[in-house]
Structures are given as structure tokens and as C-alpha cells.
Amino acid sequence: MSTTPRKMLTIVVESVLERAVVEALQRARVSGFTTVEARGFGEHGLRQGDWDESRSVRIETICTPETAAKLAHGLLDRFGKDYALVLWLQDVEVVRAGKFEAAADDG
Amino acid sequence: MGNLLDPAVLCFVAGLVAGLSRSELRLPRALYETLSVYLLLAIGLKGGVELSRSSLLQIALPLAGTLVLGLSIPVVAFLILRRLGRLSRPDSAAIAAHYGSVSAVTFAIVLEYLRQSGAVVESYSAVMLVILEIPAIGVGILLAKGGGSGPDVGWRKIARELFLGKSVFLLLGGLVIGAVATPAGMETITPLFFDLFKGALALFLLEMGLVASQRLAEVRSVGFFLLAFGLAMPLISAGMGIGVALLVGLSPGGTTVLATLAASASYIAAPAAMRIAVPEANPALYLTASLGITFPFNVILGIPLYDWASRLVHQLGG
């Protein structure tokens with residue numbers, strides 16, 4: 001089975017920013033993303049998710065290394081200082097590379 | 001102090017006890033969300049039905065007074081936080097916005113309290129709730145920016161957050177539906193929205209007790225000043241509310257409602273708006289003050305106190 005190297009960008013952020021992050025992903029023309037609700041603990045304390053203000057989401061997208069780096073920098077610049085925001089990149093091998101290139105070249 | 005033995009208030013206390021004693025009790029999140037939608041819509045509907053019985057002429061002055069109250073409370077709160085508490089400008093402004101804005105659940109509790117004591121309340125009291133919800137948040141944002149030198153606020157985004165946010169949308173929607181729907185039609189939803197209201201409120205307060213207890217546990221980390229502020233500010237704003245109520249000629253019941261509204265602090269609309277508009281403010285401060293200190297104080301002790309004060313000033317005034 002043939003695979004292609006790509007980057008996976010994982011964003012864990014307070015829910016109030018979900019819409020802004022999704023808009024940033026769409027502007028970067030990623031081919032897709034997956035969002036799940038998240039609970040956990042970090043610099044901003046225990047985020048138990050039982051209350052509007054303590055809710056977090058985990059958003060993952062797979063894209064080219066360049067897009068991933070640009071997105072990560074953009075999000076950190078805008079939200080890194082004041083919000084609960086954690087980002088990381090992973091190398092992944094995707095199957096069916098075509099699925100991850102939907103609109104990548106238009107922008 | 002009959003309020004203390006009210007089952008809904010006791011449910012709140014039970015939630016507080018469960019949370020503070022680290023009980024296993026946890027209500028499903030979907031229930032909290034469902035109940036909050038139900039309560040906001042029911043409050044709006046009830047207000048709308050009553051509003052349809054009053055005339056514009058009759059409500060113009062009280063509503064103008066309410067607006068002035070909503071604009072002035074955050075300024076007073078801001079000055080106290082900044083001068084006495086020496087908190088940063090963003091923190092002071094964000095907390096001030098919460099205290100100028102209101103809590104719909106506290107409003108529902110005071111209406112139930114007055115209903116049981118047989119007091120008459122102005123038919124447009126739900127409109128006062130809606131009017132107090134938003135202006136203070138705008139004042140808070142302006143105070144945070146301190147004269148416009150700060151970064152772009154993004155007013156459109158904030159207006160969207162406020163007017164299309166859950167609480168204002170449901171309250172306003174309920175008001176309109178209640179005001180225009182036929183009485184016969186309203187009767188068909190009375191069992192769900194009006195008859196079951198108090199029970200749903202009790203269940204919601206159980207959950208609020210759990211949530212508030214978590215905030216209460218953080219009081220130590222926010223400092224003594226904020227604890228004192230969370231207890232003193234509702235008394236100051238209730239006093240301002242009583243003053244405005246007398247000026248615009250509200251009944252004793254209406255005075256209690258306006259005092260309670262003034263004393264209450266927002267924990268749905270304001271936190272969401274402040275997080276977006278004033279991100280540099282620390283949410284732990286405004287949530288702990290509003291939800292951990294002021295909300296329990298108003299529910300358990302504040303409401304009977306404001307009612308007593310309202311009756312007293314009306315008796316003195318003849």
C-alpha cells in the first residue's frame with residue numbers, strides 16, 4: 001500500500017475560539033479537519049467541560065508541512081498570549097494522498 | 001427568611017454541599033444545556049404574555065431608568081475595582097461588565113419569591129431583565145480599551161455574540177412569542193412552560209450549586225479583596241436599583257425585582273462576550289466573583305434582604 005508523508009496539526013483550544021480556528025483552517029484551504037470536545041488540565045487549570053467557560057475542543061487537520069507551519073504560527077500570534085491554546089505537529093503517513101489535497105493549490 | 005426553606009433554594013444549597021464535599025454527583029451536561037434553554041425561553045414567554053397587557057406610555061420611564069442603571073453600575077464597579085482593589089484595567093473592566101449585566105436565573109428566583117409572598121410585580125419586569133443584559137457589556141468593553149488606543153475590538157463580532165448568543169436570543173424570542181401568540185394558543189404550552197417551571201428551576205439550581213461550588217473552591221486563589229467585592233457590590237447596586245425604582249415610581253414588588261436585577265451578576269452572556277472582547281482579562285477572577293460569590297449570596301441571602309429594604313423604603317415614603 002502506498003503512503004504519502006504529511007503533517008498532522010493538533011489544536012487544543014478553549015471552545016470560545018472554535019469558530020475562529022475553523023475559519024482560519026478554511027482560509028488556509030485545508031481539505032478537512034476533525035473536532036472533538038475535550039477535557040483536561042494545563043496552564044489554565046482544570047478544564048472540566050461541565051460549563052460553557054471551561055470547555056475545550058481538540059481540532060485536528062492533516063496538510064502539507066508548509067500549510068501546517070503557517071497555520072500554527074498564525075494561531076499562536078493571534079491567540080497564544082491570552083487563551084488556553086496548545087498546538088503540536090506530527091509526521092503522519094496518509095493513505096490516498098488525493099483526499100488531503102482538495103483545495104490546497106487554489107489559494 | 002422564608003427564602004432559605006424554599007425547595008429550589010435548598011436544591012442550590014444541596015448542589016453546593018455536594019460540590020464542596022467532592023460528592024460523586026454530576027448531572028449530564030446535556031441536562032444543564034436543556035434546562036438553561038428551557039428556563040430562558042420560559043422566562044421570556046412569561047414576560048411576553050404580561051407585556052401584552054401594558055402600554056408603551058406606561059413602560060417608557062421605568063425602562064429608561066433601567067437603562068441608566070445598566071450603564072452606571074459597571075462604571076461604579078470599575079472605579080471600586082481599579083481604585084480600591086488596584087486590579088488591572090482589563091480585569092476591572094471585565095468584572096464590572098459582569099456586575100452591570102444580569103442573571104436570568106436570579107430574576108426567576110426573585111419572581112417566585114415575590115409570587116409566594118403575594119406581592120404584585122410590574123408586567124414589564126422581563127423587559128427590564130433584557131435591557132440590563134447588554135449595555136453593561138458594552139460599557140465594560142469601552143472601559144477595558146480605555147479611550148480607544150487599544151487594538152481593534154471587533155464590534156461586529158461582539159454584537160453577534162451578544163444578540164445572537166443563547167441568553168438574549170431566547171429571552172427576546174420568548175418575549176415576542178409570548179406577546180403576539182393568542183391566549184388560547186399559550187394555554188396549550190402552559191403545562192410545560194409555566195406549571196413545571198419551578199421544578200425545572202430547582203433541578204437547574206442543583207446543577208448551579210455544583211458549578212458554583214467549584215468556583216467557590218477557587219476563592220482562596222483570587223484573594224480577599226474580590227471576596228469582599230463579591231459580597232459588597234450587590235449591596236451597592238441593589239441600593240442604586242432601589243433608588244432608580246423610587247424615581248420611576250415602581251411598586252414595592254417591582255422595586256425588589258429591580259434591586260435584585262441590579263445586584264445580580266451575569267454568568268452566561270458576559271463571560272462569553274468578555275472572553276472574546278477582553279481576552280487579556282483573567283476569566284478566573286470574573287467567574288469566581290460572579291458565580292462563586294455573588295450568585296450564591298443573592299440566591300440565599302440577597303433576595304430576602306432586597307425585598308425587606310424595598311418594603312421599608314416604600315413604607316417610609318408613605
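Quick one: Cα centre-to-centre distance for the stretch A:1-71 and the stretch B:178-211, in angstrom?
38 Å
What angle, in degrees between 0 and 90 and rounded to the nearest 10, separates the Cα long axis of helix A:65-79 from the longest principal axis of the Cα atoms of chain A?
Once rounded, one gets 20 degrees.
I'd like to know which of A:9, A:28, A:72 lies farthest towards the positive end of the charge dipole of the stretch A:3-96, counting +1 on Cβ of Lys and Arg and -1 on Cβ of Asp and Glu.
Farthest along the dipole direction, towards plus: A:28.
Using a Förster radius of 35 Å, what is the FRET efficiency between residue A:1 and residue B:29 based on their Cβ-Cβ separation? Nearest 0.05, please.
0.30
With a Förster radius of 45 Å, plug the Cβ-Cβ distance of residue B:117 and residue A:95 into 1/(1 + (r/R0)^6) and report the FRET value to the nearest 0.05.
Between residue B:117 and residue A:95 the formula returns 0.05.
Tell me which GluC sites (Glu not before Pro) from the stretch B:1-58 have a DSSP coil assignment and no more than 10 other beta carbons within 10 Å of their own.
Passing sites in the stretch B:1-58 are B:24.
So how do A:41, A:33, A:79 line up by other beta-carbon neighbours within 10 Å, fewest first?
A:41, A:33, A:79
What are the ³J(HN,Hα) values, in whole Hz, obtained from phi via the Karplus relation 6.51 cos²θ - 1.76 cosθ + 1.60 with θ = phi - 60°, for each residue of the stretch B:311-317 in sequence order, with x given for Gly and Pro?
Result, ordered by residue: 4, 4, 5, 6, 5, 5, x Hz.
Along the charge dipole of the stretch B:53-177, Cβ charges K/R +1 and D/E -1, which of B:138, B:92, B:177 sits furthest on the positive end?
The listed residue farthest towards the positive side: B:92.
Could you work out the helix-only [θ] at 222 nm for chain B, with each DSSP H run of four or more residues adding -39,500 (n - 2.57) and the total divided by the number of residues, to the nearest 500 deg cm²/dmol?
The per-residue figure over chain B is -23000 deg cm²/dmol.
Taking the Cα centre of the protein assembly as shown as origin and charging only Cβ (+1 Lys, Arg; -1 Asp, Glu), how large is the dipole, in debye to the nearest 20?
520 debye
What is the calculated FRET efficiency for residue A:35 to residue A:78, with r their C-beta to C-beta distance and R₀ = 22 Å, to the nearest 0.05?
Computed FRET efficiency for residue A:35 and residue A:78: 0.75.
For the pair residue B:155/residue B:190, report the inter-label distance in nm, with labels modelled 7 Å from Cα in the Cβ direction.
Label at residue B:155, label at residue B:190, 4.5 nm between them.
Magnitude of the Cβ-charge dipole of the stretch A:3-96, K/R +1 and D/E -1, about the Cα centre, nearest 20 debye?
Roughly 340 debye, rounded to the nearest 20.
About its Cα centre, what dipole magnitude does the stretch B:2-316 give when the only charges are +1 on Lys and Arg Cβ and -1 on Asp and Glu Cβ, stated in debye to the nearest 20?
For this selection, approximately 680 debye.
Which one, B:192, B:3, B:103, projects farthest toward the positive side of the charge dipole computed for the stretch B:2-316 from Cβ point charges (K/R +1, D/E -1)?
Farthest towards the positive pole: B:103.
Tabulate in residue order the Karplus-calculated ³J(HN,Hα) for the stretch B:254-266, using 6.51 cos²θ - 1.76 cosθ + 1.60 with θ = phi - 60°, rounded to whole Hz; enter x for Gly and Pro.
x, 5, 4, 5, 5, 4, 5, 4, 4, 6, 6, 10, 6
Going by Cα centres, the stretch B:2-17 and the stretch B:84-139 are how many Å apart?
When both Cα centres are located, 21 Å separates them.
Looking at the calculated P(r) for the stretch B:50-161, what percent of the C-alpha pair distances fall above 24 Å?
Counting every Cα pair in the stretch B:50-161, those more than 24 Å apart make up 37 percent.
List the trypsin sites (Lys or Arg not before Pro) within the stretch B:11-69 that fall in a DSSP loop (any state other than H, G, I, E or B) and whose Cβ has at most 16 other Cβ atoms within 10 Å.
Listed in order of number, the matching sites are B:22, B:26, B:53.
Every number in this text was worked out from the coordinates using simple rules, so none of it is lab data. Everything numeric in this text was worked out from a predicted model, so none of it was measured. Quick reminder, even Gly has a Cβ in these numbers, built from the backbone with ideal geometry, and neighbours come from all protein chains shown.
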